[in-house]
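Enquirer: One structure, pasted below without further comment.
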């Protein structure tokens, strides 16, 4: 007779004539260690105290003192690609993540999600009997699939994790985050006024997940992937942390780089012959800066330091929680960053990072008027290039670049039961795609060749398990290529060829540099002119790796790809017409109709009694966004352009009963004009000098304003009190000027 499962017992006519049998669930064994991966965002090689800085990270430093620091560890230059390589053990192009998951370029190497042909660590370990938890930033599913409409195929719980709590986008507000719990959106459990901060919330849930499994199934080990939003912008921290750092960076980035570099050499993190790289182009000597430039830059670095110290405290809470459960010693804990320090604050730093992506330079003389907002709920701060390069000491360039400043980061490995060494440094060259093979070797498991009927790509990383108790053994990692937005590089046995690509130029015109990293860790002595034959060999090797690992075609587009999204059977139809029916879950920004960079008409079909007000449609935060609402029987538009509120309301009262309330926007040059509409008739207009092309990382809500209020005219959520039947939006094509601005901004984003 057919059976629903293989059965080892005997089945007779009755149970008295039968013998029962129970399947044995998978289990890795009683001695199997837990695995915890802690991933920091945009944290440079020198940012941690144990890697040279004088920032405060005592809990991370204690992990290093009880384990190993890796001094020659590398990642990709951007967040989603590093995460894809980390979780699969393959190169990022190979698994479909050339760049961030916001893009689908139409080619296999950039689909915005990890291919089903590459199992994740969670999928492999869950099949072995592990409980698997993801907490924090995901950024590994197509953002067009990140709404409540799905599909959910590449959300964490569909890629091997039993539980998830965090956010799907590349960044979120630390005080008003957009949160997902398992497979559904949730609101933050508290407000900033009540003491809420995302990093604390993430660790609360990580500990809760561990407590849940250890309370009921203490025999099951767990894999926890904790990916903080820190230290990505916005740099936000509780006020008590911000206050502690006042005045601590007034001596500037040059003095900091000198101090941090000296500590790195003295502690054995760098070979003694290493030189401190010169300042990057655009980074001025601190002592030559005008007073307001120094004042702003120091305050922005204070916010970063406070954010990092607060994050360190949360890591300490997690470690203490594991120790209380007597699980810490038998936990393989890996802590690393996803790329080097961010250049997205521009030359001066920004109160609101989205200005950088709008090609707006916020001058320090203007920004210092809001100095006390930095680090709090009313800023989206990021520091200037000078502090970013300090975070990448001793290297040059930044996140996004394939020079060492973009790809050379800290890695700490802590496992008291499995590593006898304490506080030692390991100098073997390794890459983020080596971490999954390391975990598999420690646990004695292999990634499957076939998973759920799908043939798998081979794991390409090299386990670094051999380094745990062998400080001087040569590296087993011979070759590693790099590519990001046209920037390229390749490492082979201590040598590296690298080129920094100018967007829009021919790849054939790129100038390749050559460095012997064994003797020149900071890429100061370019040997390309002396050894052209070595350059030629390495460039040929890069092309071979590119062919083998799915890097091609080369593609230096980034933000432009946002505007190729109108396709059949997608969330952005070719008609560019959207209809939203409340009540509905807030939409991620990349899922919703775009009210940036182009014209649009929005119509809200309502039925309201006299006096009923509330938000019809709002997108963004108190820092930037757009809100359309009814207040005091008038239709109101607040266009919040980075804190500059452009307001208009109807002259006549809005009629009660069934009504169509609308807003039309016409793009013209860098700005445009808004017109308020009541039953199709204009009543009120507003001209704005600048129209945001990228508004916010927080998307829209229909019928209320979720998160922080876009407009100071009301307190969120200010839900609409009448009946909101639907909101219709027609988006028109972009003007030639908007296309030009996009190109300028795209070029700037890759500086």
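The values are calculated or read from the model by the stated rules, or taken from the named source; none is laboratory data. Source: prediction; values computed, not measured. Cβ atoms come from the backbone with ideal geometry, glycine included; neighbour counts cover every protein chain shown.
Enquirer: Conditions: (1) surrounded by fewer than 19 Cβ atoms within 10 Å (Cβ to Cβ); (2) more than 26 Å from the chain's Cα centre (by Cα); (3) assigned to a loop (DSSP other than H, G, I, E, B). Residue 215 meets all but one. Number of the miss?
Expert: It fails just one condition, (3).
Enquirer: Additional query: If the requirement is being surrounded by fewer than 22 Cβ atoms within 10 Å (Cβ to Cβ) and either over 27 Å from residue 709 (Cβ atoms) or over 20 Å from the mean Cα position of the chain (by Cα) (or both), which of these qualifies: 424, 404?
Expert: Only one candidate qualifies: 424.
Enquirer: Among the residues in segment 476-489, are any surrounded by fewer than 22 Cβ atoms within 10 Å (Cβ to Cβ), out of contact with any strand residue (DSSP E or B) (no Cβ under 8 Å at 6 or more places or on another chain) and farther than 30 Å from residue 442 by Cβ? Let's see the steps before the verdict.
Expert: Here is the first cut: in segment 476-489, the ones surrounded by fewer than 22 Cβ atoms within 10 Å (Cβ to Cβ) are 476-479, 486.
Right, trim to out of contact with any strand residue (DSSP E or B) (no Cβ under 8 Å at 6 or more places or on another chain) and you get 476, 486.
Okay, now just the ones that are also farther than 30 Å from residue 442 by Cβ, so 486.
Yes: one or more hits.
Enquirer: Run down 698, 732 and say which single residue is in the same structural domain as residue 659 (by TED's automatic domain parsing), in contact with a strand residue (DSSP E or B) (Cβ under 8 Å, 6 or more places away or on another chain), at pLDDT below 95 and surrounded by fewer than 18 Cβ atoms within 10 Å (Cβ to Cβ).
Expert: Numbers: 698 fails: surrounded by fewer than 18 Cβ atoms within 10 Å (Cβ to Cβ).
Going through 698, 732 in turn, the sole match is 732.
Enquirer: Checking the condition buried (at least 24 other Cβ atoms within 10 Å of the Cβ) and either over 18 Å from residue 556 (Cβ atoms) or free of Cβ contacts under 8 Å to residues at least 24 places away in the same chain (or both), which residue from 54, 41 passes? Reasoning before the result, please.
Expert: On the way: 54 fails: buried (at least 24 other Cβ atoms within 10 Å of the Cβ).
Result of the check over 54, 41: 41.
Enquirer: Moving on to the next point. Can you tell me which of 578, 639 is crowded, with 19+ Cβ neighbours inside 10 Å, under 20 Å from residue 727 (Cβ atoms) and free of Cβ contacts under 8 Å to residues at least 60 places away in the same chain?
Expert: Working: 578 fails: free of Cβ contacts under 8 Å to residues at least 60 places away in the same chain.
One residue alone meets the criteria, 639.
Enquirer: Which residue is surrounded by the most Cβ atoms within 10 Å (Cβ to Cβ), if the candidates are limited to segment 348-383 and must be assigned to a helix (DSSP H, G or I) and without any contact (Cβ under 8 Å) to a residue 40 or more places away in the chain? Please lay out each step first, then the result.
Expert: First, pick out the residues of segment 348-383 that are assigned to a helix (DSSP H, G or I): 353-358, 364-373.
Filter again for without any contact (Cβ under 8 Å) to a residue 40 or more places away in the chain, leaving 366, 369, 372-373.
Details: 366: 13, 369: 10, 372: 12, 373: 19.
Here the residue is 373.
Enquirer: For segment 476-501, what are the residues that are part of a loop (DSSP other than H, G, I, E, B), on the phi < 0 side of the Ramachandran plot and in contact with a helix residue (DSSP H, G or I) (Cβ under 8 Å, 6 or more places away or on another chain)? If you could, list the steps in order and put the result at the bottom.
Expert: So the first thing to find is which residues in segment 476-501 are part of a loop (DSSP other than H, G, I, E, B), and the list is 476-478, 485-486, 493-494, 500-501.
With the extra rule that they be on the phi < 0 side of the Ramachandran plot, the set shrinks to 476-478, 500-501.
Passing the criteria: 476, 477, 501.
Enquirer: Do we have any residue at all in segment 38-57 that's within 26 Å of residue 446 (Cα to Cα) and either in a helix (DSSP H, G or I) or in the same structural domain as residue 156 (by TED's automatic domain parsing) (or both)?
Expert: Among the residues of segment 38-57, at least one is within 26 Å of residue 446 (Cα to Cα) and either in a helix (DSSP H, G or I) or in the same structural domain as residue 156 (by TED's automatic domain parsing) (or both), which makes the answer yes.
Enquirer: Inside segment 272-283, can you point out the residues that are surrounded by fewer than 16 Cβ atoms within 10 Å (Cβ to Cβ) and touching a residue at least 12 places away in the same chain (Cβ under 8 Å)?
Expert: Here is the first cut: in segment 272-283, the ones surrounded by fewer than 16 Cβ atoms within 10 Å (Cβ to Cβ) are 272-273, 275, 278, 281-282.
Residues satisfying the conditions are 273, 275, 278, 282.
Enquirer: Please give the number of the condition residue 540 fails out of (1) assigned by TED's automatic domain parsing to the domain that holds residue 128; (2) surrounded by fewer than 20 Cβ atoms within 10 Å (Cβ to Cβ); (3) without any contact (Cβ under 8 Å) to a residue 60 or more places away in the chain.
Expert: Of (1) assigned by TED's automatic domain parsing to the domain that holds residue 128; (2) surrounded by fewer than 20 Cβ atoms within 10 Å (Cβ to Cβ); (3) without any contact (Cβ under 8 Å) to a residue 60 or more places away in the chain, only one is false for residue 540: (1).
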